[in-house]
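The values are calculated or read from the model by the stated rules, or taken from the named source; none is laboratory data. Nothing here was measured: the structure is a model prediction, and the numbers come from that model. Positions of Cβ are backbone-derived with ideal geometry, glycine not excepted, and every protein chain shown enters the neighbour counts. With ligands, DNA and RNA removed, areas are computed over all heavy atoms of the protein, side chains included. Shrake-Rupley method; radii C 1.70, N 1.55, O 1.52, S 1.80 Å.
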Amino acid sequence: MLRAVDEGRSRAEIIDIFQVSRATIKRYLKQRRETGTVVPRPIPGRPSKKRAAVEMGLQELLEAHPGARVQDYCHWWETEHGTWVSSATMSRAMHHIGWTRT
């Protein structure tokens with residue numbers, strides 16, 4: 001989209017081609033002007049306390065049971081640590097530490 005702006009295409013043409021609003025074009029241009037890039041900004045707010053705690057002890061659990069389901073990891077986590085963890089939180093933590101099934 002920004003390449004089209006740089007090539008001199010009209011805003012109306014860009015809106016039609018890329019199905020974006022005029023405000024989106026302005027926002028992207030402003031971000032590129034201010035930061036030099038249009039890489040997505042980090043999500044505001046503090047990081048999840050629970051996910052950080054889960055990530056610290058997760059590797060050992062994953063290595064002990066490499067083929068288990070996410071729900072099983074949640075159950076084992078609750079049994080070992082006394083804290084319930086949703087399958088979404090567990091899945092995000094697994095993804096964040098780079099775990100892949102073998």
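Going by the structure shown, is ALA23 in contact with a Ser or Thr (Cβ under 8 Å, 6 or more places away or on another chain) and either in a helix (DSSP H, G or I) or not aliphatic (A, V, I, L, M) (or both)? Answer is no for this residue. The condition (being open to solvent by 90 Å² or more (accessible area, probe 1.4 Å), modelled with pLDDT under 90 and either in contact with a strand residue (DSSP E or B) (Cβ under 9 Å, 6 or more places away or on another chain) or on the phi < 0 side of the Ramachandran plot (or both)) is satisfied by just one residue among PRO66, PRO44: PRO44.
Name the residues in the range 6-30 that are of a type in the set (Ser, Thr, Tyr) and more than 20 Å from PRO40 (Cα to Cα), would you?
First, pick out the residues of the range 6-30 that are of a type in the set (Ser, Thr, Tyr): 10, 21, 24, 28.
Across the range 6-30, the qualifying residue is only SER10.
Taken over the range 39-64, residues that are more than 30 Å from TYR28 (Cα to Cα), of a type outside the set (Asp, Glu) and touching a helix residue (DSSP H, G or I) at 6+ places or on another chain (Cβ under 9 Å) amount to 10.
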